[in-house]
Amino acid sequence: MLSVFEESAGYRSVLSLERLPDPQRTHVMWATSKDFGMSGLRFGTLYTENQDVATAVASLCRYHGLSGLVQYQMAQLLRDRDWINQVYLPENHARLKAAHTYVSEELRALGIPFLSRGAGFFIWVDLRKECEKEAVCVIMCASVKYNIRGPALIPRMKTKHRIYYITLFSIVLLGLIATGMFQFWPHSIESSNDWNVEKRSVRDVPVVRLPADSPIPERGDLSCRMHTCFDVYRCGFNPKNKIKVYIYALKKYVDDFGVPVSNTISREYNELLTAISDSDYYTDDINRACLFVPSIDVLNQNTLRIKETAQALAQLSRWDRGTNHLLFNMLPGGPPDYNTALDVPRDRALLAGGGFSTWTYRQGYDVSIPVYSPLSAEVDLPEKGPGPRRYFLISSQVGLHPEYREDLEALQVKHGESVLVLDKCTNLSEGGLSIRKRCHKHQVFDYPQVLQEATFCVVLRGARLGQAILSDVLQAGCVPVVIADSYILPFSEVLDWKRASVVVPEEKMSDVYSILQSIPQRQIEEMQRQARWFWEAYFQSIKAIALATLQIINDRIYPYAAISYEEWNDPPAVKWGSVSNPLFLPLIPPQSQGFTAIVLTYDRVESLFRVITEVSKVPSLSKLLVVWNNQNKNPPEDSLWPKIRVPLKVVRTAENKLSNRFFPYDEIETEAVLAIDDDIIMLTSDELQFGYEVWREFPDRLVGYPGRLHLWDHEMNKWKYESEWTNEVSMVLTGAAFYHKYFNYLYTYKMPGDIKNWVDAHMNCEDIAMNFLVANVTGKAVIKVTPRKKFKCPECTAIDGLSLDQTHMVERSECINKFASVFGTMPLKVVEHRADPVLYKDDFPEKLKSFPNIGSL
Amino acid sequence: MQSWRRRKSLWLALSASWLLLVLLGGFSLLRLALPPRPRPGAPQGWPRWLDAELLQSFSQAGELPEDAASPQAPHGGSCNWGACFDTSKCRGDGLKVFVYPASGPISETHHRILASIEGSRFHTFSPAGACLLLLLSLDAQTGECSSMPLQWNRGRNHLVLRLHPAPCPKTFQLGQAMVAEASPTVDSFRPGFDVALPFLPEAHPLRGGAPGQLQQHSPQPGIALLALEEERGGWRTADTGSSACPWDARCEQDPGPGQTQRGETLPNATFCLISGHRPEAASRFLQALQAGCIPVLLSPRWELPFSEVIDWTKAAIVADERLPLQVLAALQEMSPARVLALRQQTQFLWDAYFSSVEKVIHTTLEVIQDRIFGTSAHPSLLWNSPPGALLALSTFSTSPQDFPFYHLQQGSRPEGRFSALIWVGPPGQPPLKLIQAVAGSQHCAQILVLWSNERPLPSSWPETAMPLTVIDGHRKVSDRFFPYSTIRTDAILSLDARSSLSTSEVDFAFVVWQSFPERMVGFLTSSHFWDEAHGGWGYTAERTNEFSMVLTTAAFYHRYYHTLFTHSLPKALRTLADEAPTCVDVLMNFLVAAVTKLPPIKVPYGKQRQEAAPLASGGPGPRPKPQAPAPNCVNQIAAAFGHMPLLSSRLRLDPVLFKDPVSVQRKKYRSLEKP
C-alpha cells in the first residue's frame, strides 16, 4: 500500500487473503528500507507459517539486533498513523509518481522498452537490445567496479599479480562465507524438530543386563489412592496447572544369559511415547517431572517375561517403589485365567489399563483406557448419519465362548432378519485377509464395514474384558451393547457411557433384544452420534488415548483447573448450540438489597443534579455512583451536590471512554445496577421502582425502558436497526436500564473481539454491545418495561433534525452488523411482550395501584 | 618501497584472514565430528526411529485367544451391581420398595420416615412383589439394632439404610445387601453398588427443609474468602492475606483478625475448607452447601454423597491437602465466572437433594431406580441442573429437549404449536364458542375435549379445521391433569368449558409462553397471603397489585406438568384435589412453583374490566369465584409440601404497544384492547 502511487491501482494485502496458496512456501516480508527510504535501518518483518524458516531467521536476529533507541523511534513513527496517512503517504506517492513519470518518459524517448507499473521503486528495463548493439551495459557495469570499488581494494599492480591476488582473496572470502554459513545455519535448523531428534535405529539402543537376583517390586497395592501413593510434591510448582511428564530413554533389557526380556518396543508404544513427547506435558528434565513413563513396553502382557520386566522396572533411576510412574497396558493377563490387570509386579505405579474389572480397578487412581484397534488407522469409515439401519443387532466377534454363541444364535432364530450373528470364515481361499472378513453361513461380509449396517453391536467379554472391537463399533457409529459384567469402560472416570452405550448384565443376555427395543428412536440416534464422537475424540489414535489419559491424571492433580463434564462429553455440535447461563439459579434477590445507580456524566452539571435528585426519590435506591468522565474539569465541590438520603460517590476516570459506564467498580455493592444517563430526567420514581421490581424477577436479563429492534434487510442483505413503534423488541437502551453487576465484569473483561475498543473509538453503540453481550451469554431476551418509547424530552426534538436522525440510524445499523460478525452469530432474541404493573390501565381505583404514575411515552 | 610496504600489509591481511578461516572452520569441523550434546534450552524429545515403520504391532492381528473364558463366577466377599442384584423382579413399573416394619417401639422420626416412604410412589406392601427390600437402621441412639429379617435371602436385593453413622453392632452379616450410609470411607465403599449418603445432623427436617442461604448470585464484596471448620464445631473466617497457610496449625502464629463463630451458625465466606480426615467433617460439608459457601475438601477419605449421579466438580473443589499454597493461590485466582457457577450449584444441590430427610431418602431410591432402568435412567444433565432428578422424571422422557427446563443448554426451542384441552364438567354444555375461538389461533395443533359429566356425549361437534378428540373422563377433577397420550404438543392450553377467550388473547399468551416454557402463563390470577389473625395461609382471588397463582381454567403450561402431577404427587394430595375441586388450581400452582422456584406469568385478559365475575360465571364448577375457595386447602397443601413454594409477581406481560396512543393499525394484537 505504501508504494502504490497509481490511484487507479487497487491494493490488496497478502495477509488479507483467506488462506495463503502454499502456506509453507509463501513468506511475506516488509521492511522500512523501501517504503520509508531508510535503507540503513535494518528493520523489517517476516510473516511465515513455515516453522523452520521462522526459527532460522529468528536465530539470525541475534546478530542484527536493533538498538532500543531505534526501536523506540520506529515505534513512534509507525504509531503516528495520522502523519503516515495524511502527510507522508500522499507526499511519498506524489514524488514516486513524479520520478516514475520522469524516468519512464526518458526511457520512452530513448526507445528502451520497460514495464510500466503503478507501484514500486524500480523500473524493469529491458536492455538486452542495447547490450547487443553496443557494449553499453558492460561499460556501465565495469565502470562501477573499476571506478568505485577497484582502486580502494586492489592496489594497482601488474595484471599477473593482480589476477593472482584476486584469486587468493576470493578463496579467502569464499572460505569465510562458507564458515559463516556453517556458524549460523546449523544453529537455526538445529532447534527445529527434525534436526533435534536423533534418527537412530531401535536395534542400536543400549543393552542392559539384569542380574537374576536384582530386586523385584512388590505386587500392586490395591488400596492406593492419589493422596496415599502419589507424590504430589513433584507436581507442585507449576503455574500453568499442567503436569510434566518424563520419558525414560529406550533400553534393551536382557537377562543373565543374554535373552531379551521382551520385544524392545511395539509400534503403538512408540507412537504413544512420541505423542507424549510432542505434547505440552513433556519435559526432558527428570528433576522437574511429576510423572514418569518408562519406555519398557508392557502394552501386551503376552509378549513379555513377567519377573524380568518387573526387575527392569525396579532398576529405573527414579523408580522409588513406582511412585508417580505410569504404565500403559492394553492386553492384561494371560492364559488360562486372564487376569484383568497387568500381572507384572509394579508396587505403587499407576496403571492405565484396558480391561479393568471392578475387582482390580483402583477408583480414582488407575485409568481405564481402551484397547486400541489397529483397524482405526487402516480402514477409513466415513461418518454415517444416525437413523435406522439394515440390521437391528449384530454380533461380529469371533472366538466367542460356545455358551454365548448359542445365546446369540437363539436370538437370531427368534428375531430373524434383524439380528445378524457373524463368525470367522472357514472356507476363504486367501488366508491373509481373513481378519477383515466375517461370515454368516455362506454369506461373506466385509469387516468392519458391516458394522455400519447395524444399529446395535454386541461387545461381549472374551477371554479379556477389554475388547478392541469396541473401538471398531464406535467408529462405525453403531451403539455398543456391552455384555461384560464388572467391566470398567474406557475413561469411565470422565466419559458418560450411558449416553453412548447400553450395558446389559450377562445373565440378561437372552432379553437383550427386548431391552434394546424399549429404547426410543430419538435416544438411539443420540447414542449413535455420541458413539462416533467418542471414537473421534478418545479412541481413534494412540495419541488420542495417551492425551486423554494424561488429561485425566492432570485433572486429579489440579482439580480446580479440571475439564468439565460437558467438555468431555458433549459433541461439538451441542457445545456450539448450547448456552450456559452464568446466572442459572432461579433466585429472586431480596428487595432490601436495593440497587446502585451509576450516572455517567461529562460536564452537564445542571442536568446531572436534576437526575440525582429524581433518582434519589426511588425507594429501593441504595447508592449513587457518578462516573465523572471529564479529565479537563474537576467535578463540582462537595457542598454544591444535592443532598440525598443515600451515599453518593464520585469516580473520576483516566480517559473519556464510553466503556467507563460499564466498569465493575468496587463501589458497587448491590447486585442490581441502574445505568442512567445524565439527561434522563423524564422517568418517574414509580417507573424506576417498578423497573427494579421487574429486574428482581428477571435478574439475568437487561431490564430497560425504550425498546429497539434489529431486522434483516433483505434488499441490502444485512441487519438494520429499527427504532420505536414496532410490535417487537430485541434490545433496550441503556440510557436507563437495570442489570446484574456481573455483566459489568463481562463487558470490561470478556467482551469478544475488538468490540470494546471499537465502541470507545466511535463513541457510540455501547448499549447495543451490552445487549449483544447479555443475550449471547444468557440466551434470553431483554425485558422492556412500561410504555416508554424514547428518552427525548418533547422540547429537545427541535435540535436534532431529520437528517441527524437518519445518520444516527445508519450508524446504529452498522454497529449491529459489526457486532454480529464479531460474535459470529446474531444472539439477540426478539419478543413481543413488555412488562407492565399488574393493574396497569385496568379499570381500578388509581390510588389503590402500587405504581400509579408509570409515565408516558 | 611503497609497493613493498603495501605488499607487506597485504600479506599480513591475507595471513590473518587465513588464520581466521582455519580457526572458524576448524571449530565447525570439530562440531561436525563430535555428536552434539543436548542443549539445555530446547527439550530433547522421544527419538524418531529410522525403523519406526518396521516395528511390530503390540497385538498381532487376529491374535485372539482361542480358548475364550467361560462366564466368570462373581468373586466371593465383594459385590457389584451385576453380580449381587437381581433386576428380574423390577420389570414393569420400576422400583417397588418394601420396608420392613420395625420390631418393637420406634421413635417419632422413625415413624415419620416410614410414613414418608409409604406415601411415596415407590412403596409396596407386599415383600414378594417388591424388587427392593429396605431395612431401616435409624434409631442408633436407642441402641436397638434391627435383627435379621425374615426375607433376608443372604441380603439379595436388600438395602440397609443408615442415616446416622452411629455404628450399629453388626448382628448379622450384610452379605449381598447394599449399604446406604453417611460418608462411607473410600476403602469400604463399593462404587456402583453402595450408596453414599450425606451426613445429616440429628435435627435435620423431615420434609420441606430450610432453603439455601444464598441471597445473591455473586459473593458480597468484602466477605471473607475462606472459612475454616473448627474441630469443636463452628466456623472461623480467615483472610488469606494474613497467613500463608491458614489451616495448618503449625505455621500459624497469630489467629489474626479472624473471627470465630461458635455453634451451628452457617459460614459467611466464599470458600469453606473442610478436612477430609474425620468423617464428622462431612456434616460441615452439608452446612457449607446450605450457606452457599463453596466447599473445598482437602483429600477426602470419604465418598461424597450420591457421587454416583452428582457431578461434584460443579459445586465443590476437591484439593490435595499436601499443596496448601497451590490450593490457596488457585482459590484466590479463580475466575468470577467459576465462583458464580459453583455458588449457584451448591444452592441447587442443597435444595434438590439434601435439605430434608425425605429428599435424601427419595434420592437414594431414585439412584437405585436409575441403575435398574439402565438406558432409560436420568441423563447426567437432569441430575445436575435445576430442577434436579427428583422433579424431572425420567419416565416422562430421557431426552432433555422434551422437558421445559433444558432448552438453553440443549440449544433447542419449544415447539411452535399447542394443544387445547377443554374440560367439560357439569352441567355439560359443549363449548362451541370456545372451540371456535381456540381453533382460530394459528398456533393451535389440536383440540381435546375432556368430557367429565353425567350427560352422554353429544353426537355432533362443530366443524373446524382442527383435529378434535373427545376423551371420556372419569368425572374426577384430577383427570384434568392426566398425561393423555393423545396430547402431542409440548404446550397445553388448559381450559374450562365456561371460559371465554378471544383468538387474539390465545395467540399472545402462547407467544409469551414460548419465552417461558417452564412457567404457567395464565389470564386470571389469585394470591396467597399470610393471615396473621388465623396464623395460617390465606387465599384471595381479589384483584390486587400482585399475584402468586394463575387459574388453570385458562392457562398455558408444559405437557410435562401433567406427568409430574399424576406420578410424583403423593396420593393423598390428589385425593384432596378430587374431594375439594377448588384445590386443584392451588395444587397445580404449588407444583409448578416448587419446580421452577419462580412465580407464574399473567397476560392481559379483556373481559376482566367488563364484568366483575370472570370466566366461570354461573353454577358450581372447578373455579366458582364467589364461593370461598377453601383457605385451609392452601394450608393443607403447604403442610404436605413442607414449605410454601409460591412466589409473588408484580408484573403483567402486555403486547409491546398495548394501549399506547398510536394508531390501532400498527398494533399486532389490536383486539386485545377492545372494550
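The values are calculated or read from the model by the stated rules, or taken from the named source; none is laboratory data. Computed from a predicted structure; not experimentally measured. Here Cβ is always computed from backbone atoms with ideal geometry, including for glycine, and neighbour counts include all displayed protein chains. Accessible surface areas use protein heavy atoms only, side chains included; no ligands, DNA or RNA. Shrake-Rupley method; radii C 1.70, N 1.55, O 1.52, S 1.80 Å.
What's the whole-number percent of alpha carbon pairs in segment A:379-540 lying beyond 24 angstrom?
29 percent
Quick one: putting +1 on the C-beta of Lys and Arg, -1 on the C-beta of Asp and Glu, what dipole do you get for the protein assembly as shown around its Cα centre, in Debye to the nearest 20?
Once rounded to the nearest 20, the dipole reads 3520 debye.
Distance in nm between label sites at A:Ser317 and A:Met763, each 7 Å beyond Cα in the beta-carbon direction?
According to this spin-label approximation, the distance is 6.6 nm.
What is the set of long-range amide H partners of B:Leu50 at a cut-off below 5 Å, with H atoms built 1.01 Å from backbone N?
A:Arg200, A:Ser201, A:Val202
Could you check what % of the DSSP bridge pairs in chain A are antiparallel, to the nearest 5?
Approximately 40 percent, going by the DSSP bridge assignments.
Would you mind giving the mean number of other chain beta-carbons within 10 Å of the Cβ of each residue in A:558-566, as a whole number?
What the average comes to for A:558-566 is 6.
Suppose every K and R has +1 on its Cβ and every D and E has -1 on its Cβ; what is the size of the dipole of segment A:201-372 about the Cα centre, in Debye to the nearest 20?
Around 340 debye, computed over segment A:201-372.
Given R₀ = 22 Å, what would the calculated FRET efficiency be for B:Arg488 paired with B:Asp578, taking r from the Cβ atoms and rounding to 0.05?
Once rounded, the FRET efficiency stands at 0.25.
Tell me the relative contact order for segment A:379-540 as a rounded percent, counting alpha carbon contacts under 8 Å between residues six or more apart.
24 percent
So for segment A:374-470, considering every pair of alpha-carbon atoms, how many percent are separated by more than 22 Å?
Cα-Cα pairs of segment A:374-470 separated by over 22 Å account for 29 percent.
Give the interface area between chains B and A as buried accessible surface, both sides summed, probe 1.4 Å, in Å² to the nearest 100.
Interface between B and A: roughly 13000 Å².
Give the value in nm², to one decimal: projected area of the alpha carbon convex hull of the protein assembly as shown, averaged over all directions.
It is 79.1 nm².
Provide the convex hull volume over Cα atoms per residue for chain A, in Å³.
Taking only Cα atoms, chain A has a hull volume of 336 Å³ per residue.
HN-Hα J couplings of segment B:337-347 from phi, Karplus 6.51/-1.76/1.60, θ = phi - 60°, integer Hz, Gly and Pro as x?
Ordered by residue, 3J(HN,Hα) equals 5, 5, 4, 4, 5, 4, 4, 5, 5, 4, 5 Hz.
Dipole of segment A:417-518 (Lys/Arg Cβ +1, Asp/Glu Cβ -1, origin at the Cα centre): which of A:Val494, A:Leu516, A:Gln475 lies farthest to the positive side?
The one lying farthest along the dipole's positive direction is A:Gln475.
Enter the per residue convex hull volume of segment A:595-835, computed from alpha-carbon coordinates, in Å³ rounded to the nearest integer.
Expressed per residue, the convex hull around the Cα atoms of segment A:595-835 is 127 Å³.
Determine the share of segment A:595-835's accessible area contributed by carbon and sulfur atoms, expressed in whole percent, with a 1.4 angstrom probe.
On segment A:595-835, the fraction of accessible area on carbon and sulfur atoms equals 51 percent.
Mind listing the phi-derived Karplus ³J(HN,Hα) values for segment B:383-390, rounded to whole Hz, using 6.51, -1.76 and 1.60 with θ = phi - 60°, and x for any glycine or proline?
Working through the residues one at a time gives 6, 10, 9, x, x, x, 6, 6 Hz.
I want to check the label-to-label distance for B:Arg154 and B:Lys674. Put each point 7 Å from Cα in the C-beta direction and report it in nm to one decimal.
So the label points at B:Arg154 and B:Lys674 sit 7.7 nm apart.
³J(HN,Hα) across segment B:582-589 via Karplus (A = 6.51, B = -1.76, C = 1.60, θ = phi - 60°), whole Hz, x for Gly/Pro?
Computed from phi, the couplings for segment B:582-589 are 5, 7, 5, 4, 4, 4, 4, 5 Hz.
Filter A:Lys829/B:Lys597; A:Lys829/B:Lys476; B:Lys602/B:Lys668; A:Lys617/A:Lys829; A:Lys780/A:Lys841 down to the pairs with a C-alpha to C-alpha distance above 30 Å, please.
Listed pairs above 30 Å: A:Lys829/B:Lys476; A:Lys617/A:Lys829.
Shielding by partners for A:498-507, please: the mean number of other protein chain Cβ atoms within 10 Å of each residue's Cβ.
4
For A:366-376, what's the mean count of beta carbons from other chains sitting within 10 Å of each residue's beta carbon?
Going residue by residue through A:366-376 and averaging, the value is 1.
Membrane-span-like helices in chain A: DSSP H runs reaching 30 Å or more (Cα, own axis), mean Kyte hydropathy at least 0.5?
A:159-190
Taking amide H positions as placed 1.01 Å from N in the peptide plane, with prolines and chain starts having none, which residues 5 or more places from B:Leu448, or on another chain, fall under 5 Å of its amide H?
B:Ala420, B:Leu421, B:Ile422, B:Thr469
If all Cα-Cα distances of segment B:477-517 are sorted into 5 Å bins from 0 onward, what percent lands in each bin, rounded to whole numbers?
5, 16, 25, 23, 23, 8
Can you return the lysines within cross-link range of A:Lys441? Criterion is Cα-Cα under 19 Å, with same-chain partners fewer than 8 residues away left out.
Excluding near neighbours in sequence, the set is A:Lys414, A:Lys424.
Sequence gap at least 6, Cα distance under 8 Å: using those rules, report the relative contact order of segment A:238-384 to the nearest whole percent.
19 percent
Any aspartates and glutamates with Cα under 12 Å of the A:Lys720 Cα? List them, leaving off those in the same chain fewer than 8 positions away.
Hits, sequence-local ones excluded: A:Glu811, A:Glu814.
Could you check what % of the DSSP bridge pairs in the protein assembly as shown are antiparallel, to the nearest 5?
The antiparallel proportion sits near 40 percent.
Compute the distance in nm between two label points, each set 7 Å from the Cα along the Cα-to-Cβ direction, one at A:Lys750 and one at A:Cys61.
Inter-label distance under the simple model: 3.4 nm.
Only helical DSSP H runs with n ≥ 4 go in: add -39500 (n - 2.57) per run for chain A, normalise by residue count and round the 222 nm mean residue ellipticity to 500 deg cm²/dmol.
-9500 deg cm²/dmol
Using R₀ = 30 Å, calculate the FRET efficiency as 1/(1 + (r/R₀)^6) where r is the Cβ-Cβ separation of A:Val125 and A:Ala31; round to 0.05.
Computed FRET efficiency for A:Val125 and A:Ala31: 0.80.
Where Lys and Arg each count +1 and Asp and Glu each count -1, what net charge lies around B:Asp187 among other residues with Cβ under 13 Å from its Cβ?
The answer is +1.
Expressed as a rounded percentage, what relative contact order does chain A have, with Cα pairs under 8 Å and six or more residues apart?
7 percent
Putting +1 on Lys and Arg Cβ atoms and -1 on Asp and Glu Cβ atoms, find which of A:Ser266, A:Pro345, A:Asn771 reaches farthest to the positive end of the dipole of chain A.
A:Ser266
Taking the alpha-carbon distance from A:Lys498 and a cut-off under 27 Å, which lysines remain once sequence neighbours fewer than 8 residues away in the same chain are dropped?
Correct list for A:Lys498: A:Lys384, A:Lys508, A:Lys543, A:Lys575, B:Lys89, B:Lys96, B:Lys314, B:Lys359.
What residues have an amide H closer than 5 Å to that of A:Ala454, excluding those fewer than 5 places away on the same chain, when H is modeled at 1.01 Å from N in the peptide plane?
A:Tyr391
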